[in-house]
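**Student:** One structure coming up, written as structure tokens, with questions to follow.
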Amino acid sequence: MSATQVRLVRLALVVLLIAIWEIYAQFFSTSSLIAGPSDVAMAWWPKVMGDPRVRVAVGITLIELSVAFVMSVVFGMLFGVLIGLTNIGRRSLYPVVLMLYGIPQAILLPLFVLVFGLGPASKIAFGFSHGIFPVIVNTIAGMRNVSPLLIGGAAAMGATRAQQVRYVIFPHMVTTVFAGLRLAMTLTLLGVVLAEIFVSQGGIGFFTLSYSESFKPDALMALVLTLAVMAIALNELVRLVEARFSRWKD
């Protein structure tokens, strides 16, 4: 099956799901709280993106998400490389990382609020706490997949540790690392929005809760779909960067 056929199948599936949703909402649903795609589309501009406050909220969320994600990538890869470089690091520190990764982050939100307050810092920190662990785990996993013979050969030819990481280890762990980055992007967005829902007076999370409490299903679904489009676009951006760096592996 060609790439064009794959895209057509995906498009047909999306159209089919939207049609089923619309038919159910218009002809079978007995609840006024279920909005069909047509209602959501009509609410998207006047009620949602037509509101200057919502547009500002989207901008705030994007800024918080971007800062939290960049911090997750930088510190996650740094800690992952430092832990994965040595056997003692993998055996002593990696289990601690896995233990912290297993803690449900939602229960720690009050602690983040106490430490960072109710401003953007708490949302960024909470998003960062969601995103950093997938990056660390996948970085270490990628480093473990590199053949020791390649590393030993580079060392025998006089490559320094930094050169081994840059020219040998990194090109062979690109796929694994970027799988972690895509997961980190999604989890970072989740953390930022969760923090906005519970402890914010701005951002997409605040308006999501506001529309839910005021029983506006069309506006709520329009905002949720806007959030979904943001997540898809950001993950596609990460995928494009992955394609650029994957050339090193070839």
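The values are calculated or read from the model by the stated rules, or taken from the named source; none is laboratory data. Since the structure is predicted, the reported quantities are computational estimates derived from the model, not experimental observations. Every residue, glycine as well, gets a Cβ built from its backbone with ideal geometry; the counts of neighbours run over all protein chains shown. Accessible surface is based on the protein model in full, side chains and every heavy atom, while ligands, DNA and RNA are left aside. Shrake-Rupley method; radii C 1.70, N 1.55, O 1.52, S 1.80 Å.
**Student:** Checking the structure you have, find out if any residue of the range 199-218 is under 26 Å from VAL135 (Cα atoms), open to solvent by less than 20 Å² (accessible area, probe 1.4 Å), part of a helix (DSSP H, G or I) and at pLDDT 85 or above.
**Tutor:** yes
**Student:** Now, a different point. Quick one: count up the residues across the range 68-96 that are open to solvent by less than 60 Å² (accessible area, probe 1.4 Å) and either under 30 Å from ILE204 (Cβ atoms) or in contact with a His (Cβ under 7 Å, 6 or more places away or on another chain) (or both).
**Tutor:** The qualifying residues number 7.
**Student:** Separate question: Tell me, please, whether a residue that is surrounded by fewer than 17 Cβ atoms within 10 Å (Cβ to Cβ) and modelled with pLDDT under 85 can be found in the range 114-137. Let's see the steps before the verdict.
**Tutor:** Filtering the range 114-137 for residues surrounded by fewer than 17 Cβ atoms within 10 Å (Cβ to Cβ) gives 114-115, 117-119, 121.
From what's left, modelled with pLDDT under 85: 118.
So far as the range 114-137 goes, yes, one or more of its residues are surrounded by fewer than 17 Cβ atoms within 10 Å (Cβ to Cβ) and modelled with pLDDT under 85.
**Student:** What's the total number of residues in the range 97-122 that are free of Cβ contacts under 8 Å to residues at least 40 places away in the same chain and over 30 Å from PHE206 (Cα atoms)?
**Tutor:** Narrowing the range 97-122 to residues free of Cβ contacts under 8 Å to residues at least 40 places away in the same chain: 98-104, 107-108, 110-111, 114-117, 119, 121.
Restricting the remaining residues to those that are over 30 Å from PHE206 (Cα atoms) gives 98-99.
Residues in the range 97-122 being free of Cβ contacts under 8 Å to residues at least 40 places away in the same chain and over 30 Å from PHE206 (Cα atoms): 2 in total.
**Student:** Another question, then. Considering only helices (runs of 4 or more DSSP H) fully contained in the range 104-162, which possess at least 3 residues that are under 15 Å from LEU82 (Cα atoms), among the β-branched types (Val, Ile, Thr) and under 16 Å from the mean Cα position of the chain (by Cα)? Walk me through how you get there before you give the answer.
**Tutor:** Numbers: elements: 109-116, 120-144, 148-156.
Those helices (runs of 4 or more DSSP H) span 120-144.
**Student:** Out of ARG244, ARG239, report the one residue that is free of Cβ contacts under 8 Å to residues at least 40 places away in the same chain and in a helix (DSSP H, G or I).
**Tutor:** Details: ARG239 fails: free of Cβ contacts under 8 Å to residues at least 40 places away in the same chain.
Exactly one residue qualifies, and that residue is ARG244.
**Student:** Moving on. Would you confirm whether or not the range 63-79 contains a residue that is closer than 21 Å to SER212 by Cα, in a helix (DSSP H, G or I) and within 16 Å of the chain's Cα centre (by Cα)?
**Tutor:** First, pick out the residues of the range 63-79 that are closer than 21 Å to SER212 by Cα: none.
The answer is no; no qualifying residue exists.
**Student:** Among PHE170, PHE198, PHE207, PHE215, which is out of contact with any Gly (no Cβ under 7 Å at 6 or more places or on another chain), within 25 Å of VAL73 (Cα to Cα) and aromatic (Phe, Trp, Tyr)?
**Tutor:** Numbers: PHE198 fails: within 25 Å of VAL73 (Cα to Cα); PHE207 fails: within 25 Å of VAL73 (Cα to Cα); PHE215 fails: within 25 Å of VAL73 (Cα to Cα).
Within the list PHE170, PHE198, PHE207, PHE215, the selection yields PHE170.
**Student:** Still on this structure, I have one more. When residues of the range 20-55 are filtered for being open to solvent by 50 Å² or more (accessible area, probe 1.4 Å) and part of a helix (DSSP H, G or I), how many remain?
**Tutor:** Looking only at that region, the number is 17.
**Student:** Right, next: May I ask you to list pairs of residues, at least six apart or on different chains, whose Cβ atoms are under 8 Å apart, with the first in the range 185-203 being under 18 Å from ASN235 (Cβ atoms) and the second being small (Gly, Ala, Ser) and modelled with pLDDT under 90?
**Tutor:** Sorted first by the residue in the range 185-203, then by its partner, the pairs are MET185/ALA231; THR186/ALA231; LEU189/ALA231; VAL192/GLY203; VAL192/GLY205; VAL193/GLY203; VAL193/GLY205.
**Student:** Regarding the range 240-250, can at least one residue be identified that is surrounded by fewer than 17 Cβ atoms within 10 Å (Cβ to Cβ), among the acidic types (Asp, Glu) and closer than 28 Å to GLY102 by Cα? Before you say what the answer is, go through the steps one by one.
**Tutor:** Filtering the range 240-250 down to residues surrounded by fewer than 17 Cβ atoms within 10 Å (Cβ to Cβ) leaves 240-250.
From the residues that got through so far, the ones that are among the acidic types (Asp, Glu) too are 242, 250.
Subset that is closer than 28 Å to GLY102 by Cα: 242.
So far as the range 240-250 goes, yes, one or more of its residues are surrounded by fewer than 17 Cβ atoms within 10 Å (Cβ to Cβ), among the acidic types (Asp, Glu) and closer than 28 Å to GLY102 by Cα.
**Student:** In the range 65-92, which residues are touching a residue at least 60 places away in the same chain (Cβ under 8 Å), of a type in the set (A, V, I, L, M) and more than 30 Å from ALA233 (Cα to Cα)?
**Tutor:** Of everything in the range 65-92, just one residue is touching a residue at least 60 places away in the same chain (Cβ under 8 Å), of a type in the set (A, V, I, L, M) and more than 30 Å from ALA233 (Cα to Cα), namely LEU85.
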